[in-house]
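Chemist: Below is the structure I would like to discuss, written out as structure tokens.
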């Protein structure tokens, strides 16, 4: 099924005549038009039973025509705003009920659109991209491969005296040399900084006898990877070793659960890793066990204590337990798993403790 | 005046008790907490007459405490959602009327927040960052300097046989080697591609006798630059030369107007460049003459045919006329101007025609 057809199926399921899409990455997914900036409104999309329209300014019109031959491009201008373009299509196709993304459309956009389209209906299409096809999984796999290679190479330069920012910069350079981009700003955290799950890489210099946590990702053909490794530099103590292996074992237990059953439960996977860490006397991690990944670094499904998601074939997600001891140290290990014929690791870097 | 005080002034001007800020870069501006991703909701901010609260998850709590010592950090959790945190503050400080950014808050966020805070009032704070202080202008100037240096260096590698993507990659590498980031994906467009104002760099190979348009920017300490140069490779024809110099002269005329008067009119600056290009027999450009720039590449003011903005001391903006001949060729020249004691160019690369 094409991605346009997937969007059209939502029309049927929700008894809608049209689906107005505003999230840039949903637009990219449905139409293949990704534009330049994910933070600006470069286009809107209106999917109907008969067609898929891309509404865009003259700045992006030619690009949209080229990337999205299956869509009807509509050129906006000072005389035709996006709401007027929707109105013209709604009149032509006699659209009554139009769905929209209430978790994306802003209040002022909603006011403007609803002034002309009174029958707007909130509809959740967050899960549209949850089940990946083979080409999508292959793109994520390739992104993971580039990440694995970058991780191997970065080990050569990590030594006392280097800064967090230096390592982050070099990691991103290796990724860029592979004609890819970082999928998010690389996190490098030494020692106590590793206790902050989303630490921002700083000018701090690496001293001996510390963990080095590296959380980074690659974007390949719009698809993202995400991985975390924590290595040690210097002479590791027994308690630090125990901490590391507790995280590793927690991750392994969650992975084994996912592998051991059909339609594993996301909440249960989280619980297994979380409970194991607590059972070993450590605090539980202040984040989910994992998240879906694809065009976005964080997307459906969610592997959290409150998730209702069932993990199904075609899903790709992270498993990333951690232990964080405030102002002291932290360890996280993160891998991506795809459920194809069976759950398979996409990131292949060793999870054994690396000591430099 | 501190940026928190600037936000508090909005309370007074709009007769509000609180200002709820959701745009990540407005949050960064007011609090100095920039977080990791500009596309995710990592924090919200509530400014009151007495204080500035940052509401954030445990993932970012430590970082927010460090970056924003003048703010009160509020840690969110499963038990305290952001709406509940707002409610607690509203009760404690007896807030009635709370302003919010209706062009940023999503419909579902608004529904959730307004279920507990019935007196939400839309308020525009888009112009909060319009007037820059000296430190901000210095950061933009530094970003421009790095861009100028990158432009000089990139000229060495441009020759027939190179691809658009190669040039974009090298430009971004030079920027990164200066410990900065590109402020947006670099646009490189050869020949007919230069007729598309926001062309995405492709694998197209440079052939002789073509314009090469490069539109790129640098992010330095969160502040952005933006510049465009169009050079020629090969033997230039008289008509191509005329086209280039028409753009150059149009830009110069707009710049001279801005320099010649106190409180120049943004619409008039646009009109001067636009009319000159049309008077020379070319089509008018399908975009504004320019845009403000700062933490975002595009922010207030706007230099467009419909702008009501007056250009005042402290504003930083682009002047970027272009001529686009569809399927044939295009030229754009873009520089940044800051109005400090007088309007000054921040980008200093020569605008003379460069032929390689």
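The values are calculated or read from the model by the stated rules, or taken from the named source; none is laboratory data. Being a predicted model, the structure only gives us computed values, none of them experimental. FYI the Cβ positions are ideal-geometry reconstructions off the backbone, even for glycines, and counts take in every protein chain you see.
Chemist: Tell me the residue from A:59, A:55 that is in contact with a helix residue (DSSP H, G or I) (Cβ under 6 Å, 6 or more places away or on another chain) and farther than 19 Å from residue A:122 by Cα, please.
Modeler: A:55 is the lone residue from the list that is in contact with a helix residue (DSSP H, G or I) (Cβ under 6 Å, 6 or more places away or on another chain) and farther than 19 Å from residue A:122 by Cα.
Chemist: Considering only residues that are without any contact (Cβ under 8 Å) to a residue 60 or more places away in the chain and either farther than 20 Å from residue B:134 by Cβ or not assigned by TED's automatic domain parsing to the domain that holds residue B:112 (or both), which ones fall in the stretch B:6-35?
Modeler: B:8, B:12, B:13, B:24, B:27, B:31, B:33, B:35
Chemist: With the condition kept exactly as written, say whether any residue in the stretch B:170-177 is within 10 Å of chain A (Cβ to nearest Cβ), surrounded by fewer than 17 Cβ atoms within 10 Å (Cβ to Cβ) and assigned to a loop (DSSP other than H, G, I, E, B).
Modeler: no
Chemist: Could you list, in sequence order, the residues of the stretch B:319-356 that are assigned to a loop (DSSP other than H, G, I, E, B), touching a strand residue (DSSP E or B) at 6+ places or on another chain (Cβ under 8 Å) and closer than 20 Å to residue B:293 by Cβ?
Modeler: Correct list: B:320, B:321, B:333, B:346, B:347, B:349, B:351.
Chemist: Do you know which of the residues in the stretch B:182-192 that are in contact with a helix residue (DSSP H, G or I) (Cβ under 7 Å, 6 or more places away or on another chain) and not in a loop (DSSP other than H, G, I, E, B) is surrounded by the fewest Cβ atoms within 10 Å (Cβ to Cβ)?
Modeler: B:182
Chemist: Oh, and also: Being more than 19 Å from the chain's Cα centre (by Cα), within 30 Å of residue B:171 (Cβ to Cβ), assigned by TED's automatic domain parsing to the domain that holds residue A:332 and modelled with pLDDT of 95 or more narrows it down to one residue among A:162, A:146, A:140, A:205; which is it?
Modeler: A:162
Chemist: Among (1) closer than 19 Å to residue A:215 by Cα; (2) at pLDDT 95 or above, there is one condition residue A:326 misses while meeting the rest; what is its number?
Modeler: With (1) closer than 19 Å to residue A:215 by Cα; (2) at pLDDT 95 or above applied to residue A:326, the lone miss is (2).
Chemist: Tally time: how many residues in the stretch B:56-77 are free of Cβ contacts under 8 Å to residues at least 12 places away in the same chain and within 9 Å of chain A (Cβ to nearest Cβ)?
Modeler: Result for the stretch B:56-77: 1.
Chemist: A further question follows. Mind checking which strands (runs of 3 or more DSSP E) fall wholly inside the stretch B:220-311 and carry at least 3 residues that are under 25 Å from residue B:209 (Cα atoms) and either over 18 Å from the mean Cα position of the chain (by Cα) or without any contact (Cβ under 8 Å) to a residue 12 or more places away in the chain (or both)? Working first, answer last.
Modeler: On the way: elements: B:227-233, B:290-292, B:299-303.
So the answer is B:227-233.
Chemist: Can you tell me which residue in the stretch A:194-215 is nearest to the other protein chains (Cβ to nearest Cβ), limited to those that are crowded, with 23+ Cβ neighbours inside 10 Å and outside any loop (DSSP other than H, G, I, E, B)?
Modeler: Among residues in the stretch A:194-215 that are crowded, with 23+ Cβ neighbours inside 10 Å and outside any loop (DSSP other than H, G, I, E, B), the one nearest to the other protein chains (Cβ to nearest Cβ) is A:215.
Chemist: Going by the structure shown, is residue A:215 more than 24 Å from residue A:356 (Cβ to Cβ) and either touching a strand residue (DSSP E or B) at 6+ places or on another chain (Cβ under 7 Å) or not assigned by TED's automatic domain parsing to the domain that holds residue A:317 (or both)?
Modeler: Spelling it out, it is not the case that residue A:215 is more than 24 Å from residue A:356 (Cβ to Cβ) and either touching a strand residue (DSSP E or B) at 6+ places or on another chain (Cβ under 7 Å) or not assigned by TED's automatic domain parsing to the domain that holds residue A:317 (or both).
Yes/no per residue for (1) assigned by TED's automatic domain parsing to the domain that holds residue B:48; (2) under 25 Å from residue B:190 (Cβ atoms); (3) out of contact with any strand residue (DSSP E or B) (no Cβ under 8 Å at 6 or more places or on another chain):
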position: B:75; (1), (2), (3): yes, no, no
position: B:85; (1), (2), (3): yes, no, no
position: B:91; (1), (2), (3): yes, no, yes
position: B:98; (1), (2), (3): yes, no, no
position: B:152; (1), (2), (3): no, yes, yes
position: B:157; (1), (2), (3): no, yes, yes
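Chemist: Sticking with this one: With B:304, B:288 as the choices, which residue is within 14 Å of another protein chain (Cβ to nearest Cβ), in contact with a strand residue (DSSP E or B) (Cβ under 7 Å, 6 or more places away or on another chain) and within 27 Å of residue B:218 (Cβ to Cβ)?
Modeler: Checking each option against the conditions leaves just B:288.
Chemist: Sticking with this structure for a sec: Of the residues A:321, A:301, A:286, only one is surrounded by fewer than 16 Cβ atoms within 10 Å (Cβ to Cβ) and in the same structural domain as residue A:159 (by TED's automatic domain parsing); which?
Modeler: Going through A:321, A:301, A:286 in turn, the sole match is A:286.
Chemist: Here is a further query. Name every residue in the stretch B:23-42 that is in contact with a helix residue (DSSP H, G or I) (Cβ under 7 Å, 6 or more places away or on another chain) and under 19 Å from residue B:126 (Cβ atoms), in order of residue number.
Modeler: B:26, B:29, B:30, B:34, B:38
Chemist: In addition: Is there any pair linking a residue in the stretch A:93-111 that is away from every other protein chain (no Cβ under 12 Å) to one that is part of a helix (DSSP H, G or I), with Cβ under 9 Å and at least six apart or on different chains, and which?
Modeler: A:95/A:86; A:95/A:89; A:96/A:90; A:98/A:86; A:98/A:90; A:98/A:113; A:99/A:10; A:99/A:11
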